[in-house]
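The values are calculated or read from the model by the stated rules, or taken from the named source; none is laboratory data. These figures come from a predicted structure and were not determined experimentally. Because the Cβ atoms are built from the backbone with ideal geometry, glycine has one as well, and the counts that use them run over all protein chains shown. Areas reflect the complete protein model, heavy atoms only, side chains present, ligands, DNA and RNA absent. Shrake-Rupley method; radii C 1.70, N 1.55, O 1.52, S 1.80 Å.
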Amino acid sequence: MPRTGGDSMRGLAVFIADIRNCKSREQEKKRINKELANIRSKFKGDKQLDGYQKKKYVCKLLFIFLLGNDVDFGHTEAVDLLASNRYTEKQIGYLFISVMMHHSNELYKLVIQAIKNDLSSKDPG
């Protein structure tokens, strides 16, 4: 089990460890597809996710993308993180949109508005 501390995301650390422990590309792909299905169900579920949960799932999507896999959802949740008062949630939202969101995406107007709000805010977080 990977060591985690403070504000770390245990679920993310476990997922990364699972991927690293895969013996074949097929096993890795199977684990990634299982996680994508889980994240998709969490995002579409009836239960409202808190900022920490959104941050964790968006991080997993970013990791999956950086491994070279297609990720075609999670953009709305990343944009939601931009409105957070917590710096770490906002940071992950900005990271996700900078890496994965194309400027022609329909959510981009919301991103620009979030940037304007952050620039005009007196709150350092």
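Okay, here's what the table says:
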quantity	calculated
Options Lys90, Lys116: the member that is of a type in the set (Lys, Arg) and within 15 Å of the chain's Cα centre (by Cα)	Lys90
Selection from the stretch 71-90 of residues that are loosely packed, with under 15 Cβ neighbours inside 10 Å, in a helix (DSSP H, G or I) and of a type in the set (S, T, N, Q)	Thr76
Which numbered condition Gly45 misses (of (1) at pLDDT below 95; (2) open to solvent by 40 Å² or more (accessible area, probe 1.4 Å); (3) over 20 Å from Gln91 (Cα atoms))	(2)
Count of residues meeting criterion [part of a loop (DSSP other than H, G, I, E, B) and modelled with pLDDT of 95 or more] in the stretch 1-40	4
Residues (in a helix (DSSP H, G or I) and more than 12 Å from the chain's Cα centre (by Cα)) located in the stretch 41-65	Ser41, Lys42, Lys44
Matching option when the condition is surrounded by fewer than 19 Cβ atoms within 10 Å (Cβ to Cβ) and under 26 Å from Asp118 (Cβ atoms), among Gln27, Gln53	Gln53
Residue check for Asp123: of a type in the set (D, E, K, R), open to solvent by 60 Å² or more (accessible area, probe 1.4 Å) and closer than 23 Å to Met9 by Cα	no
Some residue of the stretch 104-120 being β-branched (Val, Ile, Thr), surrounded by 11 or more Cβ atoms within 10 Å (Cβ to Cβ) and at pLDDT 95 or above	no
